[in-house]
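Asker: What follows is a single structure, and I will ask about it in a moment.
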Amino acid sequence: MKKFAVAGLAAMVVAAVGAPAQAVTYGTPTIGLSASYLSGAVGGVGDPVVNVTVGQSGADASALTVSASASSKASVAGTGDVTVTGAGAVRQLAVAARGRGYTNLTVKVTGLGGKTATKTLYYAASAAVQNPADARYLTGSSDASAAVDVGGGYAIVADDESNVLRLYDRSRSGAPVRTWDFSSQLGVTKEVDIEGATRIGDTIYWTGSLGNNKDGEYKAPRNTVFTTTVSGSGTGTQLAYERSYKKLRDDLVAWDTANGNRYGFAAGTAAGQVPKQIDGFNVEGLEFAPGSTTTAYLGFRAPLAPAVPGGKALIVPVTNFDQVLASGVEAVFGTGIELDLGGLSVRDIRKNAANQYLILAGSWAADDNSDPYALYQWDGVPGHAPVKRADLPTTDPGGWEAIVDVPDLTAAGARVQLVTDSGSADLYGDGVEAKDLTHPEWKKARTAWFTLG
């Protein structure tokens with residue numbers, strides 16, 4: 001009995017003290033990046049960030065450490081230029097560019113038990129721009145060509161190198177939150193070369209350039225205007241395709257020929273004629289006449305009127321534009337409007353609800369990033385002269401191409417948001433045009449706010 005009592009007592013002691021602790025085995029950490037390619041700008045404000053998702057079996061994600069180090073060109077961005085914030089399974093990684101160019105960053109998660117995992121982030125930085133606090137970058141595309149405000153702080157931006165329409169947050173740098181491509185509905189496989197857009201109610205009108213391509217060849221998709229229906233606003237914005245018309249260029253040539261070839265449309269659209277010449281043919285602006293939902297203004301990048309140096313910018317009214325799109329009737333035109341924009345032509349035209357117009361004026365030339373740009377105010381009335389409100393900087397990469405919307409032009413300190421077409425810009429100093437970059441995340445257009453004088 002005594003022997004069993006001692007054994008029982010020993011068992012009770014072991015039970016009270018507890019069995020020896022088992023060693024915890026941690027798995028290899030996991031790490032994922034929301035994007036492997038990231039673009040920023042020297043001095044950039046609000047550059048895009050990358051989400052870093054981490055985990056480790058047997059460990060709470062909040063116990064893991066995330067860090068980044070330069071693995072190639074620290075003169076572009078080094079270890080000290082990377083900031084990781086947040087806790088838990090998802091962290092945010094931001095990079096403050098030091099110089100223009102490319103670099104690789106090694107992103108590492110250190111887990112419990114000393115185990116680690118890494119991913120490479122491929123980073124590109126563009127040069128500093130004037131007034132960086134007013135600049136944002138729309139990534140995923142570099143050839144922005146037209147923009148339409150859809151409310152809630154968002155805008156739809158078109159691209160003249162594809163038919164993709166992209167929805168962006170107007171206040172932030174980064175990728176589009178939604179995209180649409182209506183190529184199949186339009187019956188095209190090549191770009192429409194979208195250059196102008198405007199909104200009436202829930203309908204957005206879009207126009208191609210209507211001109212030849214850069215080699216002087218006629219491409220049918222460019223002779224396209226079409227409409228989409230917009231619903232919702234902000235991140236909830238939706239687009240639906242409506243109708244198209246593919247003879248507006250033909251109608252314009254016939255009209256000009258019948259009126260003595262004043263603007264040389266037949267010659268400007270002839271085989272071999274490059275569109276971006278002073279006597280070329282290229283539409284870049286679209287807006288409705290004051291108080292009208294039927295008459296639209298087509299703003300021409302080329303030709304000037306008459307087509308000589310120092311000539312005037314040309315706007316042609318289409319008096320039944322709504323019916324052209326609604327039922328496919330032949331376009332009817334009003335008398336051409338010739339405006340003195342200091343030898344510049346129309347790159348975009350936009351009005352507000354009070355029928356106050358802004359004209360974005362630039363060169364008719366193809367390679368014009370260093371040429372002058374200006375903003376002119378106009379009342380939309382033929383015969384009334386526009387007034388210059390601002391000269392725009394030309395030292396930044398890309399040409400000014402689109403007006404997002406028009407503020408109250410009578411208000412002191414009125415500010416307007418513009419977008420660049422940066423497709424031909426060498427963003428990263430390697431001699432590669434932005435449109436030819438391999439990775440969409442490195443392609444970008446710039447948007448900026450300007451105060452009107």
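The values are calculated or read from the model by the stated rules, or taken from the named source; none is laboratory data. Remember, predicted model here, so these are calculated numbers, not experimental data. Here the Cβ positions follow ideal geometry from the backbone for every residue, glycine too, while neighbour counts run over all protein chains shown. Side chains are part of the model used for accessible areas, which takes the heavy atoms of the whole protein and leaves out ligands, DNA and RNA. Shrake-Rupley method; radii C 1.70, N 1.55, O 1.52, S 1.80 Å.
Asker: Restricting things to alpha carbons, find the Rg to Rh ratio for the chain using the Kirkwood radius for Rh.
Answerer: Values: Rg = 28.8 Å, Rh = 24.3 Å.
My calculation of the ratio gives 1.18.
Asker: Rg and Dmax of the range 384-453 over Cα atoms: what are they, in angstrom?
Answerer: 15.1, 47
Asker: Picking from Thr227, Tyr205, Ala61, whose Cα lies most toward the positive end of the charge dipole for the chain (charges on Cβ: Lys, Arg +1; Asp, Glu -1)?
Answerer: Ala61
Asker: Find the centroid of the Cα atoms in the range 181-209 and in the range 412-453, then give the distance between the two in whole Å.
Answerer: The two parts, judged by their Cα centres, are 21 Å apart.
Asker: Dimensions of the range 413-453 along principal axes (Cα, Å, largest first)?
Answerer: Principal axes ranked by extent give 40, 17, 12 Å for the Cα atoms.
Asker: Which of Val148, Gln185, Leu121 sits farthest toward the positive end of the charge dipole of the range 63-216, with +1 on the Cβ of Lys and Arg and -1 on the Cβ of Asp and Glu?
Answerer: Value: Leu121.
Asker: For a bin width of 10 Å, list the pair-distance distribution of the range 329-431 built from all Cα-Cα distances, rounded to whole %.
Answerer: Bins of 10 Å from zero give 14, 42, 30, 12, 2 percent of pairs.
Asker: For the range 311-350, treating each Cα as an identical point scatterer without solvent, what Debye log10 I(q)/I(0) comes out at q = 0.22, 0.32, 0.35 1/Å?
Answerer: The calculated log intensity ratios at q = 0.22, 0.32, 0.35 Å⁻¹ are -0.74, -1.00, -1.08.
Asker: Let me ask something else about it. I need the peptides 74-86, 32-44 ranked by packing, meaning the mean over residues of other C-beta atoms within 10 angstrom, with the highest value on top. Intermediate values should be presented prior to the final figure.
Answerer: Values: 74-86: 16.7, 32-44: 19.5.
Going from most to least packed, we get 32-44, 74-86.
Asker: Roughly how large, in nm² to one decimal, is the mean projection of the convex hull of the alpha-carbon atoms in the range 78-130? Kindly include the intermediate steps, with their values, before the conclusion.
Answerer: Working: hull surface 18.5 nm².
For the Cα atoms of the range 78-130, the hull's average projected area reads 4.6 nm².
Asker: Over all distinct alpha-carbon pairs, what is the Kirkwood Rh of the range 23-99 in angstrom?
Answerer: Values: mean 1/r = 0.0731 Å⁻¹.
For the range 23-99, the Kirkwood estimate is 13.7 Å.
Asker: Could you size up the charge dipole of the range 343-453 around its Cα centre, putting +1 on the beta carbon of Lys and Arg and -1 on that of Asp and Glu, and report it in debye to the nearest 20?
Answerer: Details: 10 positive and 16 negative charges, 100 e Å.
Roughly 480 debye, rounded to the nearest 20.
Asker: Of all alpha-carbon pairs in the range 189-276, indicate the percentage at a distance above 18 angstrom.
Answerer: 51
Asker: Post the alpha-carbon centroid distance, the range 107-171 to the range 44-99, in whole angstrom.
Answerer: 17
Asker: Principal axes first, then extents: for the Cα atoms of the range 99-251, list largest minus smallest coordinate on each axis, whole Å, largest first.
Answerer: 72, 39, 35
Asker: A further question follows. Going from the alpha-carbon gyration tensor of the range 115-191, what semi-axes, largest first and in whole Å, does one get by taking the root of 5 times each eigenvalue?
Answerer: Listed largest to smallest, the semi-axes of the range 115-191 are 27, 19, 14 Å.
Asker: Once the whole set of protein chains is in place, how much accessible area is left on Ser173, using a 1.4 Å probe, in Å² to the nearest 10?
Answerer: 10
Asker: Under a Cβ-Cβ cut-off of 11 Å, what is the net charge of the residues other than Tyr102 that fall near it, where Lys and Arg count +1 and Asp and Glu count -1? Kindly include the intermediate steps, with their values, before the conclusion.
Answerer: Values: positive: Lys73, Arg100; negative: Asp430.
Taking every Cβ under 11 Å from that of Tyr102, the sum is +1.
Asker: Let me ask something additional. Using only alpha carbons, build the gyration tensor for the range 62-164 and give me the equivalent ellipsoid semi-axes, biggest first, whole Å. Please list the in-between numbers first.
Answerer: Working: eigenvalues 214, 68, 36 Å².
For the range 62-164, the semi-axes come out at 33, 18, 13 Å.
Asker: Related question: About its Cα centre, how strong a charge dipole does the range 286-411 have in debye, to the nearest 20, once Lys and Arg get +1 and Asp and Glu get -1 at the Cβ? List each step's numbers first, then the result.
Answerer: Working: 7 positive and 15 negative charges, 45 e Å.
Using Cβ point charges on Lys, Arg, Asp and Glu, the range 286-411 gives about 220 debye.
Asker: Quick check for me: using +1 on Lys/Arg Cβ and -1 on Asp/Glu Cβ, what's the dipole size of the chain about its Cα centre, in debye to the nearest 20?
Answerer: Details: 37 positive and 44 negative charges, 443 e Å.
Dipole about the Cα centre, nearest 20: 2120 debye.
Asker: What number comes out for the charge environment of Leu33, summing +1 per Lys or Arg and -1 per Asp or Glu over other residues with Cβ under 15 Å away? Present the calculation step by step, with values, prior to reporting the outcome.
Answerer: Values: positive: Arg91, Lys108, Lys119; negative: Glu441.
Taking every other residue near Leu33 into account, the sum is +2.
Asker: Next question, about the same structure. Which FRET efficiency value, to the nearest 0.05, do you get for Thr28 and Val177 by plugging their Cβ-Cβ distance into 1/(1 + (r/R0)^6) with R0 = 30 Å?
Answerer: 0.30
Asker: Let me ask something else about it. Efficiency by 1/(1 + (r/R0)^6): what FRET value for Asp408 and Ser327, r their Cβ-Cβ distance, R0 = 30 Å, to the nearest 0.05?
Answerer: Details: r = 36 Å, r/R0 = 1.19.
The calculated FRET efficiency here is 0.25.
Asker: Would you mind checking the radius of gyration and Dmax of the range 252-399 based on alpha-carbon positions, in Å?
Answerer: 15.0, 45
Asker: Run the numbers for Thr229 and Asn355: contour at 0.36 nm per residue of separation, minus the present Cα-Cα distance, in nm. Walk me through the numbers on the way to the answer.
Answerer: Numbers: separation 126, 0.36 × 126 = 45.36 nm, distance 2.25 nm.
Answer, rounded to one decimal: 43.1 nm.
Asker: For the chain, what is the accessible area per residue in Å² when the probe is 1.4 Å? Write down the numbers at each step before the final one.
Answerer: Numbers: 18680 Å² over 453 residues.
Using a 1.4 Å probe on heavy atoms only, each residue of the chain averages 41 Å².
Asker: Once every DSSP H run of n ≥ 4 in the chain is given -39500 (n - 2.57) and the sum is divided by its residues, what mean residue ellipticity at 222 nm do you get, rounded to the nearest 500 deg cm²/dmol?
Answerer: On the way: 5 runs with 42 residues, N = 453.
Helix-only estimate at 222 nm: -2500 deg cm²/dmol.
Asker: Which log10 I(q)/I(0) values does the range 275-324 give at q = 0.31 Å⁻¹ under the Debye formula, counting every alpha carbon as one identical point scatterer?
Answerer: At q = 0.31 Å⁻¹ the computed log10 ratios are -1.04.
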